[in-house]
Amino acid sequence: MRVLRRGEDGPAVAEVRSTLTALGLLPSSNGSGSLFDKAVEHAVRTFQQQRGLITDGVVGPATYRALRDATYQLGARPLAYLVSAPVSGDDVLTLQERLLELGYDAGRPNGVFGAQTEAALRNFQRDYGLKVDGICGPETLRALRQLSPRARGGSPVLLREQERVRKAGPRLRGKRIVIDPGHGGSDTGVTVGDVREADLVWDLARRLEGRMVATGMQALLSRGRDQCPTEADRASFANDVGADLYLSLHSDANPSPLAQGVASFHFGTAGGSTSTIGETLAGFIQRELAVRTGLRDCRAHPKTWDTLRLTRCPAVRVEIGYLTNPDDRRRLSDPAFRDVVAEGVLVAVKRLYLLGENDQPTGTFTFADVLRHELARVE
């Protein structure tokens, strides 16, 4: 679909207006017509903020997908796992949350009907004497609504993710990390003068890759230098290789040259669903980079971007500096500064697996310390 913004007109805008009205974000008296006016832009921004999307008031692919997903309520359609085109929507999210409440591991509740959701649904159907077909139809839906949760409160996703990290052990050796340099190829990302985001994050990714390989980790890049996969393809790559963690590297831009700093993002919805390990790692990365680089701390935030939502492993996206800010741009252009960033990210990953043991104050753990710790564990 084409990108829709204020001033646009036509059937696509009429569809967006109708959806926003149905969601209660646009007054019914304002819900007719086909003009993308100020009221529609405001409603789109509100929706984007609620859904953890970039709040720009523009309806691009991600916002359109989220608007479409928001129209589905559990029971409105049969749900099944389609390998070539996975079903997504709020009805899938509700199903996942219901299965988790009943004690079935449907994975992270992200609104995408994948293989793990199907397996949980089949287990539920088997346990309750239903037809085991992996399809959430009327009979299965009736059973889901009749049963009381086995437990209320707490977070089964949190416990499962924490247990996986604990079982993985404190050593980095053998852990598989996908490093995702943003943009690439003809998509240069933020460009100011001769400074291009795609080039900077590619160089940063290679520096991080080298350090990770030195510790014994398997570090894989999500793209080649001249490639620009979609966000969904990058997430699919991480899933296909069985990544333990996914790290996406970007820089930011803002109309104001005063905007500056570093921010980290993990999967999380307005309803409170979150990747708990992703949130923990985002916090570690944020603190390490803010202390080591002196960049303004713009904190860690939950988002539903595809690279965070579609990865099965914990995923973090880091926006390192604003290229539209002269000071941030100058520092990012310095290879020595990118070395500092790479070390900070590596140390944050190490802290995640240490689980608070043999830890050191933020900003003091060095690459040499990490290597010594790894070697000490091997001996």
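The values are calculated or read from the model by the stated rules, or taken from the named source; none is laboratory data. Everything quoted here is computed from the prediction, not taken from an experiment. In this analysis, Cβ positions are derived from the backbone assuming ideal geometry, glycine residues included, and neighbour counts consider all displayed protein chains. Just the protein is used for accessible areas: all its heavy atoms, side chains included, with ligands, DNA and RNA removed. Shrake-Rupley method; radii C 1.70, N 1.55, O 1.52, S 1.80 Å.
Using the basic label-point model (7 angstrom from Cα toward the beta carbon), what is the His42 to Ser333 distance in nanometres?
Label-label distance for His42 and Ser333, simple model: 4.2 nm.
If you stretched the chain out fully between Lys167 and Ala143, how much longer would it get, using 0.36 nm times the residue separation minus the C-alpha to C-alpha distance? Intermediate values should be presented prior to the final figure.
Details: separation 24, 0.36 × 24 = 8.64 nm, distance 3.47 nm.
Computed gain between Lys167 and Ala143 is 5.2 nm.
Multiplying the sequence separation of Arg126 and Ala259 by 0.36 nm and subtracting their Cα-Cα distance, what value in nm do you get? Don't jump to the answer; show the numbers that get you there.
Working: separation 133, 0.36 × 133 = 47.88 nm, distance 5.47 nm.
Answer, rounded to one decimal: 42.4 nm.
Using packing as a proxy for protection, rank 274-280, 79-85 so that the peptide with the highest average count of other Cβ atoms within 10 Å comes first.
Numbers: 274-280: 22.9, 79-85: 12.4.
With the highest mean Cβ count within 10 Å placed first, the list reads 274-280, 79-85.
Under a point spin-label approximation (7 Å from Cα along Cα-to-Cβ), what is the Leu371-Asp133 distance to one decimal in nm?
6.0 nm
Treating only the Cβ of Lys, Arg, Asp and Glu as charged (+1, +1, -1, -1), what charge dipole size does segment 31-183 show about its Cα centre? Round to the nearest 20 debye.
Values: 23 positive and 16 negative charges, 147 e Å.
Approximately 700 debye in magnitude.
Given Cβ point charges of +1 (Lys, Arg) and -1 (Asp, Glu) and nothing else, what value in debye, to the nearest 20, does the dipole of the chain about its Cα centre take? Present the calculation step by step, with values, prior to reporting the outcome.
Working: 50 positive and 46 negative charges, 151 e Å.
It works out to roughly 720 debye.
What part of the accessible area of segment 18-146, given as a whole %, is carbon or sulfur when the probe is 1.4 angstrom? Show your work: numbers first, answer last.
On the way: 3120 of 6010 Å².
Answer for segment 18-146 is 52 percent, counting heavy atoms of protein chains only.
Tabulate in residue order the Karplus-calculated ³J(HN,Hα) for segment 128-134, using 6.51 cos²θ - 1.76 cosθ + 1.60 with θ = phi - 60°, rounded to whole Hz; enter x for Gly and Pro.
Listing the rounded values in order: 10, x, 9, 5, 8, 10, x Hz.
Would you mind checking which residues have amide H under 5 Å from Ser251's amide H? H placed 1.01 Å from N; only 5 or more apart, or other chain.
Hits under the 5 Å cutoff: Ile320.
Heavy-atom accessible area per residue, the chain, 1.4 Å probe: how many Å²? Kindly include the intermediate steps, with their values, before the conclusion.
On the way: 17200 Å² over 379 residues.
Spelled out: the 1.4 Å probe surface of the chain, per residue, equals 45 Å².
At q = 0.09, 0.15 Å⁻¹, what log₁₀ I(q)/I(0) does a Debye calculation on the Cα points of the chain give, no solvent, two decimals?
For the chain at q = 0.09, 0.15 Å⁻¹, log10 I(q)/I(0) is -0.58, -1.36.
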